[in-house]
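Comments concern the structure below.
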Amino acid sequence: MSTAVKADPAVPAGSASPLTARRPLGDRGFQILALASGLLVLVILVLIAVSTSQQASSWFAAEGLKIFTNNWDPATNQFGALSFIYGTAITAVIAIIIAVPVSVGIALLLNEVVPYRWSRPIVYVIDLLAVVPSVVWGLWGILVFAPWIQHIYASIASGVKGIPVLGPLFGPPTSGASFFTAGIILAFMITPIVTSLSREVIATVPQIDREGAYALGATRWEMITGAVWPHSQGGVVGAVLLGLGRAMGETIAAALVIGASPVITSHLFAPGYNMPAVIANQFGEASGEFRAALMGLGVLLFGFTIIINVLARGVVERSARRKRGA
């Protein structure tokens, strides 16, 4: 008489197949490979930070808190970096103010308004703009855009002359190369990046949320503000912060159009300088303490961009946790 073998109810059906028996080894191998790749990136970043900090240590030791003063004079070995920090911040802020409304508007347009057959070509064009080399943007900016926009700067300066706030802010331009020109070029460069990331985030909004808003009688604008934006707000903020990090670290384009003048001024149409530009322009002729100061600027810039990217990641993860909790 044959005896029936009872299946263990705790074991899922079909779990003893040869395929599943081979999976643990592949899973462990992939886990080790992914972990090694992630650790390799961290090791490279740490080595970059350590090596550059060592080469800049003499500048930090000699200047101390004087690195945050506005006194950059290589002839007398005085290297205060405040004007470059100011130039980096002001151009990045100008770029964000210009790029964010345009980027978010384009992302909403492509996801919520334009039909799919028309949105795909636009997406391809945006992706192509994101890979245009920075030197191309810089050459176009200094050879074409700056001479053209200088006349517009002059018209704006004459129109706001004598107005208490706008007058000092938009003073008479000395040339087309200025803080504002650099900010506009940086805005052109980060708009495709912020647009692509924002579009991908907005596309993750469940369709049932949109249909539910329409079912309740919402207009398209009310659907966007009530259903789409709360779901994608954290991701869009993260995309904006990543764009800010790119704007702060851009080198060649900013070096060509900012004007190379280490000053702190409220005139946005005046020439200026920022940290990436001064490193690119002066590193070839630097030595000794001068070279250490430029390496120190690189360390500061590296730290600022790391902080911006960490904040962006934190905002995205916080938004994801909040959505999971909801």
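Which condition does Leu256 not pass, out of (1) open to solvent by 40 Å² or more (accessible area, probe 1.4 Å); (2) modelled with pLDDT of 85 or more; (3) over 18 Å from Met189 (Cβ atoms), if it passes all the others?
Only one criterion in (1) open to solvent by 40 Å² or more (accessible area, probe 1.4 Å); (2) modelled with pLDDT of 85 or more; (3) over 18 Å from Met189 (Cβ atoms) is unmet by Leu256, namely (3).
Mind listing whichever residues of the stretch 141-167 are among the hydroxyl-bearing types (Ser, Thr, Tyr) and under 29 Å from the mean Cα position of the chain (by Cα)?
The answer is Tyr153, and nothing else.
Here is a yes/no grid of residues against (1) touching a Leu at 6+ places or on another chain (Cβ under 8 Å); (2) at pLDDT below 85; (3) part of a helix (DSSP H, G or I):
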site	(1), (2), (3)
Met189	no, no, yes
Val194	yes, no, yes
Ala213	no, no, yes
His267	yes, no, no
Ala293	no, no, yes
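Can you tell me how many residues in the stretch 35-76 are in a helix (DSSP H, G or I) and either charged (D, E, K, R) or touching an Asp or Glu at 6+ places or on another chain (Cβ under 8 Å) (or both)?
Step one: filter the stretch 35-76 for residues in a helix (DSSP H, G or I), giving 35-68, 74-76.
With the extra rule that they be either charged (D, E, K, R) or touching an Asp or Glu at 6+ places or on another chain (Cβ under 8 Å) (or both), the set shrinks to 58-59, 62-63, 66.
Residues meeting the conditions: 5.
Scan Val205, Val201 and give me the residue that is out of contact with any Gly (no Cβ under 7 Å at 6 or more places or on another chain) and surrounded by 15 or more Cβ atoms within 10 Å (Cβ to Cβ).
Details: Val201 fails: out of contact with any Gly (no Cβ under 7 Å at 6 or more places or on another chain).
Residue meeting the stated conditions: Val205.
Quick check on the stretch 215-238: of everything there that is of a type outside the set (Gly, Ala, Ser) and not in a helix (DSSP H, G or I), which residue is most open to solvent (accessible area, probe 1.4 Å)? So that I can check it myself, show each step before the final result.
Looking only at the stretch 215-238, we keep the residues that are of a type outside the set (Gly, Ala, Ser), and these are 216, 219-225, 228-231, 233, 236-237.
Add one more test, that the residue is not in a helix (DSSP H, G or I), and what stays is 216, 219.
Working: Leu216: 156, Thr219: 74 Å².
So, considering only residues that are of a type outside the set (Gly, Ala, Ser) and not in a helix (DSSP H, G or I), the one most open to solvent (accessible area, probe 1.4 Å) is Leu216.
If I filter the stretch 166-175 for residues that are over 14 Å from Val100 (Cβ atoms) and free of Cβ contacts under 8 Å to residues at least 24 places away in the same chain, do I get at least one hit?
Yes - at least one qualifying residue is present in the stretch 166-175.
Results for (1) on the phi < 0 side of the Ramachandran plot; (2) open to solvent by less than 30 Å² (accessible area, probe 1.4 Å); (3) β-branched (Val, Ile, Thr), shown as yes or no for each residue.
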residue	(1), (2), (3)
Val240	yes, yes, yes
Gly245	yes, yes, no
Glu250	yes, yes, no
His267	yes, no, no
Ala277	yes, yes, no
Asn281	yes, no, no
Phe290	yes, yes, no
Leu294	yes, yes, no
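So is Leu186 open to solvent by 60 Å² or more (accessible area, probe 1.4 Å) and within 17 Å of the chain's Cα centre (by Cα) or not?
no
Residue-wise test of (1) hydroxyl-bearing (Ser, Thr, Tyr); (2) open to solvent by 40 Å² or more (accessible area, probe 1.4 Å).
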| site | (1), (2) |
| --- | --- |
| Ile85 | no, no |
| Ala89 | no, yes |
| Ala92 | no, no |
| Ile96 | no, no |
| Val100 | no, no |
| Val104 | no, no |
| Ala107 | no, no |
| Glu112 | no, no |
| Tyr124 | yes, yes |
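The values are calculated or read from the model by the stated rules, or taken from the named source; none is laboratory data. Remember, predicted model here, so these are calculated numbers, not experimental data. Note: ideal-geometry Cβ built from the backbone for every residue, glycine included; neighbour counts use all protein chains shown. We work out accessible area using only protein heavy atoms, side chains counted, and drop any ligands, DNA or RNA first. Shrake-Rupley method; radii C 1.70, N 1.55, O 1.52, S 1.80 Å.
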